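Visitor: Take this structure, written in structure tokens, and hold onto it; I'll ask about it next.
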Amino acid sequence: MGILPMSILIFAIVIFLYALFRFVEDHNLKHIAKEHEMHAIHCWEKIVKNPHHINIVREKKAIRIMRKRYLQLKYKFKNDPKILADIAKDWQDYVHAIHEFISEKEVFEIDFGNRGGESDAVWRFKKRVASQIIRKDQIEGRFCRLLGISDMSMPHMELDTDIYKRKE
């Protein structure tokens, strides 16, 4: 066997190993993306199906808009497992951030009713949800950039304190 056939054989083995590595890596990334998506769906169902979640119209609207954008991105990047995994992780983080926001909103309602002091309750609420709102806004921005959307037009998650004001 000469040097040329040996180098061709080595080259073929290297190409085969690289293709095998890429196949395994792509398969793992697709599996990771599917796991993130399943966690997001589970969290989303907890939000939608919980009868105790009452005043969450803005949050549901935000999830509907972002779910549509997530599906658009999933289709757009269907051949890029790395970006798909990142998008799925962002989608999971987004739904989780809204779930945490809603939970904190319920805590606020209890806190406000038990402690009086409107400004103290609002301050505690804003302090607890700051990270969720930042995370939500970052993910919305990233999805819009990937889709080429300049106008995000998302409902703003905030506490509508007017409904909690005491009638005097």
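The values are calculated or read from the model by the stated rules, or taken from the named source; none is laboratory data. Here the structure is a predicted model, which means the values were calculated and not measured. Don't worry about glycine lacking a Cβ; one is built from the backbone with ideal geometry, like all the others, and counts go over all protein chains shown.
Visitor: Could you tell me which of the residues Lys46, Lys82 is among the basic types (Lys, Arg), surrounded by fewer than 17 Cβ atoms within 10 Å (Cβ to Cβ) and under 22 Å from Leu146 (Cβ atoms)?
Guide: Lys82
Visitor: Name the single residue that is modelled with the highest pLDDT among those in region 113-168 being among the hydroxyl-bearing types (Ser, Thr, Tyr) and surrounded by 13 or more Cβ atoms within 10 Å (Cβ to Cβ).
Guide: Applying the filter and picking the extreme gives Thr161.
Visitor: Another question, then. Take the residues of region 51-85 that are among the β-branched types (Val, Ile, Thr) and closer than 22 Å to Ile133 by Cα: which is modelled with the highest pLDDT?
Guide: Ile65
Visitor: Could you list, ordered by first residue, the pairs with Cβ atoms under 7 Å in which the first is in region 54-73 and touching a residue at least 12 places away in the same chain (Cβ under 8 Å) and the second is outside any helix (DSSP H, G or I) and of a type in the set (A, V, I, L, M, F, W, C), at least 6 apart or interchain?
Guide: Listed pairs, sorted by first residue: Arg58/Met157; Glu59/Met157; Ala62/Met154; Ala62/Met157; Ile65/Met154.
Visitor: Exactly one condition in (1) within 18 Å of Ala88 (Cα to Cα); (2) under 19 Å from the mean Cα position of the chain (by Cα); (3) at pLDDT 70 or above is not met by Val48; state its number.
Guide: Val48 satisfies every listed condition except (1).
Results for (1) assigned to a helix (DSSP H, G or I); (2) among the aliphatic types (A, V, I, L, M); (3) under 14 Å from the mean Cα position of the chain (by Cα); (4) within 15 Å of Ala97 (Cβ to Cβ), shown as yes or no for each residue.
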| residue | (1), (2), (3), (4) |
| --- | --- |
| Glu37 | yes, no, yes, no |
| Ile41 | yes, yes, yes, no |
| Asn55 | no, no, no, no |
| Glu59 | yes, no, yes, yes |
| Ala62 | yes, yes, yes, yes |
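Visitor: Scan region 80-111 for residues that are more than 21 Å from Gln138 (Cα to Cα) and part of a helix (DSSP H, G or I) and jot them down.
Guide: The answer is Pro81, Glu106, Val107, Phe108, Glu109, Ile110, Asp111.
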